[in-house]
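*Asks:* Here it is, the structure, as C-alpha cells.
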Amino acid sequence: MSKETRKRKAEHIQISLNQNVQARRITTGFEDIHFIHRALPELDRQKIDLSTTVFGHRFAAPLIVGAITGGTVEATKINATIAEAIEELGLGMGVGSQRAAIEDKKLEKTFTIARKKAPTAFLIANIGGVQLVHGYSLKEIEKVVEMIEADALAIHLNPLQETTQPEGQTNFKGVLEKIGEVAKELHKPIIVKETGAGIAAEEAKKLEAIGVSGIDVSGAGGTSWAAVEYYRAKKQKNSFQRRLSDVFWDWGIPTAISIAEVSRSVNIPVIASGGIRDGVEIAKALSLGANLTSLSQPVLQTAIKGVKETKNVLSLLMEELKNTMFLVGAGSVQALQKIPLVITGKTTEWLRMRGFDVEIYGRRGRK
C-alpha cells in the first residue's frame, strides 16, 4: 500500500472528527415521517423485544455500526473499541475498506482486531465495487472475508467520492456484472452499500436480480464524502477539486426516501443508514421498511474515547428505540414495521412523482 493511500485514510479520520462534514442543505427526510402516538399502548415497556434475525443472525437490536475505518494505526484502536462494545451488546459492525490490507499485509491487524474483540458478533468485511472493475478477483474477495472471519461482505459503491477525489477511480463500467460474479461464487451474504448518496429503486432491482443478499441504502443527509474531500482539497490548496467538492456537497437521495424506494422494490433485507442520529429515527427507518439500521459518525466520536463511552451511546440508542416502540404500541420489531405512518412534505412529493403509493403507510394497522 502506498504512503499516499495510508495518508489519505488517516486524513479521512481526522477530517471526520474535526470538521463539519455533515450535509448542509439536504436533509435525511426523517422530518417528513410522523408516528401516530398511542395514548393506549396496551404494552408493558419492560417486555418490548428489540431482537431481530437478519442474514440468519440474531441481533439484540436492529442496529449495527457502519463501516468506519481500517488501514492506519488510529484505525486499530477505533475498530477494537467498537468491536468490544458491539460484542457485549449483541449488535454488529462493518469495517472500512480492506483494500489497504490487500496491498500491504502489515495492515491486516488494523482489521483482524475486530474479530479478536468480537468473537461472536456479526462482522461485515468491505471492499469497493470499483476495485472489482480494476482487477480484484474472487481471490482478493475471499481474503478480505477470511481476514476478519466475516459473516457477510459489503461491496461499497462510492461514485460521488471517487469523482470528487483527486486520486479517484471513476471507471465504474461493468461494476454490476462483477458484483454478480462475486455473488454467485462467494458463500456468504453480499450486501451492496452506498456511501452517503443513496440507492434508487432501479438499482435496487438490478442488484436483487444478480443475487445480492441485502442493500444498505446509505442515503444523503448525514456525512458527505464530498465534504470530506472538500477539506482535503482545501488543505492541499487545490482550488479546482475544492470547487467540485463544494458543488456536490449535498448530492444524493435523502435517506428516508431511499429506504422507501428500495424496501418497496425488492424482497431482500434492507439496511438503513445515512444521517441516522437517534432512536426515533431508527424506528422511522424500520417502519419505512428497513430490516436493520446502521450509523457511523456518532460512534466514531465516542470510539476515540473508549469502550464505555461507545457502549453508552449504543445503549442509549436502544433505549430511545424501545421508548418509541412503546409510544406507538409496537411490542416487537416486526410489529413496528406494520404500524401506520403519516408521510408529508418533500418526501411525499418525491415518492408520488416516482409512482409510489404514499397513503399505504397511513392505512396500515387499520381495521
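*Asks:* I'd like to know if segment 195-217 contains one or more residues that are surrounded by 24 or more Cβ atoms within 10 Å (Cβ to Cβ), farther than 24 Å from residue 297 by Cα and not small (Gly, Ala, Ser).
*Replies:* yes
*Asks:* Still on this structure, I have one more. Within segment 179-209, which residues are in a loop (DSSP other than H, G, I, E, B) and over 20 Å from residue 134 (Cα atoms)?
*Replies:* 187, 188, 189, 196, 197, 198, 199, 200
*Asks:* Further question: Determine, yes or no, whether residue 68 is surrounded by fewer than 24 Cβ atoms within 10 Å (Cβ to Cβ), within 19 Å of residue 274 (Cα to Cα) and either touching a helix residue (DSSP H, G or I) at 6+ places or on another chain (Cβ under 9 Å) or not charged (D, E, K, R) (or both).
*Replies:* Here the answer is yes, as residue 68 does meet what is asked.
*Asks:* Taking segment 318-363 as the search range and keeping residues that are of a type in the set (Asp, Glu) and in a helix (DSSP H, G or I), which one is farthest from residue 286 (Cα to Cα)?
*Replies:* Of everything passing the filter in segment 318-363, 349 is farthest from residue 286 (Cα to Cα).
*Asks:* In segment 226-264, which residues are part of a helix (DSSP H, G or I), over 30 Å from residue 212 (Cβ atoms) and not hydroxyl-bearing (Ser, Thr, Tyr)?
*Replies:* 232, 233, 234, 235, 240, 241, 242, 243, 244, 246, 247
*Asks:* Find the residue count for segment 142-176, including only residues that are assigned to a helix (DSSP H, G or I) and either without any contact (Cβ under 8 Å) to a residue 24 or more places away in the chain or aromatic (Phe, Trp, Tyr) (or both). Quick ask: steps written out before the conclusion?
*Replies:* Filtering segment 142-176 down to residues assigned to a helix (DSSP H, G or I) leaves 142-147, 159-164, 175-176.
Now drop any that are not either without any contact (Cβ under 8 Å) to a residue 24 or more places away in the chain or aromatic (Phe, Trp, Tyr) (or both), which leaves 146.
Adding up the residues that qualify gives 1.
*Asks:* Of all residues in segment 90-112, which are β-branched (Val, Ile, Thr) and crowded, with 23+ Cβ neighbours inside 10 Å?
*Replies:* 95, 110
*Asks:* So which pairs qualify, if the first residue must be in segment 305-318 and farther than 19 Å from residue 62 by Cβ, the second must be of a type in the set (A, V, I, L, M) and part of a helix (DSSP H, G or I), the Cβ gap must be under 7 Å, and the two must be at least 6 apart or on different chains?
*Replies:* Pairs found: 307/85.
*Asks:* Shifting gears a bit: What residue, of 15, 26, 48, 36, is touching a residue at least 60 places away in the same chain (Cβ under 8 Å), β-branched (Val, Ile, Thr) and surrounded by fewer than 15 Cβ atoms within 10 Å (Cβ to Cβ)?
*Replies:* Going through 15, 26, 48, 36 in turn, the sole match is 36.
Values in this text are rule-based calculations from the coordinates and carry no lab data. Since the model is a prediction, treat every value here as computed from it, not as a measurement. Note that we place each Cβ from the backbone using ideal geometry, even for glycine, and neighbour counts take in every protein chain shown.
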